[in-house]
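Student: Please see the structure below; I have some questions.
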Amino acid sequence: MSNVREFRFKTNINCGRCVGAVTPLLDGREEIKSWKVDIASPDKVLTLQTEPQFIPGISAALADIGYYIEQM
């Protein structure tokens, strides 16, 4: 049974180049059903649809390439 939910995070993904940097990582993870980044918002909000147990791994993978996420 799937437990996919939507999660919102503050990030330091703040420009088109940054979005380009995270795209291969986020697109390549099967556990992420969808994602988007609002770089126009003050908090640079990353919205993910995934299951809760995958959040730590996604966070660690983003940290490995220099980006942080903080759940809102």
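Student: Are there any strands (runs of 3 or more DSSP E) wholly within the chain with 1 or more residues that are in contact (Cβ under 8 Å) with a residue 60 or more places away in the chain and surrounded by 16 or more Cβ atoms within 10 Å (Cβ to Cβ), and if so which?
Tutor: Ranges flagged: 5-11, 69-71.
Student: Looking only at region 17-37, which residues are closer than 20 Å to V4 by Cβ and touching a strand residue (DSSP E or B) at 6+ places or on another chain (Cβ under 6 Å)?
Tutor: Answer for region 17-37, where residues must be closer than 20 Å to V4 by Cβ and touching a strand residue (DSSP E or B) at 6+ places or on another chain (Cβ under 6 Å): L26, E31, I32, K33, S34, W35, K36, V37.
Student: Determine, yes or no, whether V22 is of a type in the set (V, I, T), at pLDDT 95 or above and more than 11 Å from the chain's Cα centre (by Cα).
Tutor: So V22 does not fit the description; no.
Student: In region 38-72, which residues are within 19 Å of N3 (Cβ to Cβ) and among the acidic types (D, E)?
Tutor: E51 - this is the single residue of region 38-72 that is within 19 Å of N3 (Cβ to Cβ) and among the acidic types (D, E).
The values are calculated or read from the model by the stated rules, or taken from the named source; none is laboratory data. This structure is a prediction, so every number in the text was calculated from the model and none was measured. No Cβ is skipped: glycine too gets one built from the backbone with ideal geometry, and neighbour counts run over all protein chains shown.
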